[in-house]
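The values are calculated or read from the model by the stated rules, or taken from the named source; none is laboratory data. Please read these numbers as outputs of a predicted model, since none were measured by experiment. Cβ sites come from the backbone with ideal geometry, for glycine too, and all protein chains shown count toward neighbours. Just so you know, the surface numbers come from the protein's heavy atoms only, side chains and all, with ligands and any DNA or RNA stripped out. Shrake-Rupley method; radii C 1.70, N 1.55, O 1.52, S 1.80 Å.
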Amino acid sequence: GGGIACLVSRIENCIIRDNWGFDADDRGGGISFSPAGSWTSAVINCAIQGNSAGDGGGIFVFPSAICELHATGTNACDIRGNSATNYGGGICASTQAVLRAFGNVLVSANVAGNGGGLAVRAGAQAALDETGGAAPVFSGNGATNSGGAVFAAESATRLYFRAVQFQDNSAQGDASFSGGGGLALYGGAAMLGTNLVFSFNRCPHGLGGALFLHNSM
């Protein structure tokens, strides 16, 4: 964690910006969360901006850790302008981690090799849902390879998305099986999506401007 490294935390109304790791294998430029049994860490109404790392430029959720992102009332949880060399420019949920996000969670202008906004890997689970009429939004994120907004891979990896919006995200997609300007699923990852909105996403050199599924569902 370039800015904060913690076991169980409640981080509320904070600005975490311009922190970084020096190496490609550093994790969590802004915040890294480690596991602590069944305890859940929470990020509420925070701005996480301009951070960078190898994985999880803004937030990295270590194996088996649980993290929730919340926005209350008219506030926002703003994850913006972070970068990762490898996975998850905004957020990376690693092996068997659990990530939940509710309400006005804005994931924008983040970049990574895969999963510009969010990467979910190796049996991790991500549940994003609306509350109080506000839903998470991915906008203007970019990936060099796959998953401009979201990248998910490997069996037992699961996404549960309701009313999430994907706007103006892009993946360059420079290989035979790369793509997903909005969202890319690989190698047995699965998504249950309800009332999703994809608009103006693109993949100029790969497959699936909005959505790309490769051996996934």
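Name the strands (runs of 3 or more DSSP E) wholly within segment 123-217 that hold at least 1 residues that are within 19 Å of I79 (Cβ to Cβ) and within 16 Å of the chain's Cα centre (by Cα)?
125-129, 137-139, 142-146, 150-153, 158-162, 165-167, 183-186
For segment 72-98: of the residues being surrounded by fewer than 24 Cβ atoms within 10 Å (Cβ to Cβ) and of a type in the set (A, V, I, L, M), which is nearest to the chain's Cα centre (by Cα)?
Among those residues, the one meeting the criterion is V98.
When segment 91-114 is examined, which residues are found to be farther than 22 Å from S38 by Cα and either of a type in the set (D, E) or free of Cβ contacts under 8 Å to residues at least 60 places away in the same chain (or both)?
The answer is G103, N104, V105, L106, V107, S108, A109, N110, V111, A112, G113.
Say whether the condition of being open to solvent by less than 70 Å² (accessible area, probe 1.4 Å), touching a Cys at 6+ places or on another chain (Cβ under 7 Å), within 19 Å of V111 (Cβ to Cβ) and at pLDDT 90 or above is met by at least one residue in segment 179-202.
yes
Mind checking which residues of segment 11-27 are at pLDDT below 90 and surrounded by fewer than 16 Cβ atoms within 10 Å (Cβ to Cβ)? Step through it out loud before you land on a result.
Step one: filter segment 11-27 for residues at pLDDT below 90, giving 20-27.
F22, D23, A24, D25, listed by residue number.
Could you list, in sequence order, all residues of segment 1-27 that are in contact (Cβ under 8 Å) with a residue 40 or more places away in the chain and among the small types (G, A, S)?
Passing the criteria: G1, G2, G3, A24.
I'd like to know if segment 145-161 contains one or more residues that are in contact (Cβ under 8 Å) with a residue 12 or more places away in the chain, open to solvent by less than 40 Å² (accessible area, probe 1.4 Å), within 22 Å of G206 (Cα to Cα) and not small (G, A, S).
First pass over segment 145-161, keeping only residues in contact (Cβ under 8 Å) with a residue 12 or more places away in the chain: 145-161.
Checking which are open to solvent by less than 40 Å² (accessible area, probe 1.4 Å) leaves us with 146-153, 157, 159, 161.
Narrowing the set further to residues that are within 22 Å of G206 (Cα to Cα) leaves 146-153.
Checking which are not small (G, A, S) leaves us with 150-151.
Yes, segment 145-161 has at least one match.
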